[in-house]
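See structure below.
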Amino acid sequence: MASSLASHIPVTVLTGYLGAGKTTLLNRILSENHGRKYAVIVNEFGEIGIDNDLIVDADEEVFEMNNGCICCTVRGDLIRIIEGLMKRKDDFDAIIIETTGLADPAPVAQTFFVDDEVRARASLDAIVTVVDARHVLARLEDSHEAEEQIAFADVILLNKIDLVDAQELEQVRQRIRAINGQAKLHETQNCVVPLEEVMERGAFDLDRILEIEPNFLSEDDHEHDDSITSVSLTSDAPIRPELFMPWLRILTTTQGQDILRLKGVLAFPDEEQRYVVQGVHMLLDGDHQRAWKADEERVSRMVFIGRNLDSAALRLGFNACAARASQ
């Protein structure tokens, strides 16, 4: 068995609820000097892709799948991408799948056991779950997926520990251990962890998963939170920061409890660098990123994911930030 698996391409699944830090971890993996080459598959929840643009420039190929749970509408795409990668597996050493924050990891893991061609060529190396220390207790109360992501993890990064005090951190530790007492737990800021603790560990344990979910290899049904929706916004006109920043601050202050995640890549007038904004509930972070490429269309894009989102109001507010740019 060991010699057989040695010939398989290892696959790491990065999961974790919206805003926990999965893309931060992925960027660390891709940018460190480890001598390994990865093929990356990114799944998003929304009509337009943002995560692909938040991944650092690297030699790795990135395959993007939008608008759906990775275990449902795009699961066939996942299988086709992996089968296509297997035909040129000499070009990379391993595969990384970054799931949408709303994905239940069980059906993703199932793919490597129920599809014969995938099972013959790739092996699930580990499910790595990134947990937001600030918000995880609330998410465990209202999200089935958040609990599943922890339960199925082989490695857990308890991230953003700088945003909680010692008492709350201990509460989070105990809650995680009550759900999954066997995963390797690392406490991090900005997902800083030795990569050998995350990648190519051979940590996935099918027997443990079958104890959690006896029907793991045969069950296709899983729960979804249908109350969560996404709103995708675009603007061809430059976004004026003096209008956009106050609008976004007011929006997150008044509606932050319902905004599980926001992210955007923005074009400001007369600025050669893209501005990247990300947020979770009322917490916002933004900064200039790399310069716009010569052949890159300067279109501003934002995605909001949450509950009770008023798509018309969001679109109106976003467009108003660009309305005067062309005048």
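Where a number appears in this text, it was derived from the coordinates with a stated rule and is not lab data. Quantities reported herein were computed from a predicted structural model and do not represent experimental measurements. Cβ: placed from backbone, ideal geometry, glycine included. Neighbour counts: every protein chain shown.
Based on the reciprocal of the average 1/r between different C-alpha atoms, the Kirkwood radius for the range 91-250 equals 18.0 Å.
Summary of packing: across the peptides 132-141, 263-272, the per-residue average of other C-beta atoms within 10 Å ranks them, highest first, as 132-141, 263-272. Remark: the range 264-323 carries a charge dipole of roughly 260 debye about the Cα centre, counting +1 on each Lys and Arg Cβ and -1 on each Asp and Glu Cβ. Normalised by residue number, the volume inside the convex hull of the Cα atoms of the range 270-311 is 102 Å³ per residue. From the residues 96, 124, 164, which one has its Cα farthest along the dipole of the range 96-211 in the positive direction, the dipole being from +1 and -1 charges on Cβ of Lys/Arg and Asp/Glu about the Cα centre? Farthest towards the positive end: 164. Most tightly packed first, judged by the mean number of other beta-carbon atoms within 10 Å of their residues, the peptides 189-201, 250-262, 11-23, 147-159 read 11-23, 147-159, 250-262, 189-201. For the range 157-204, the convex hull spanned by the alpha carbon atoms encloses 66 Å³ per residue.
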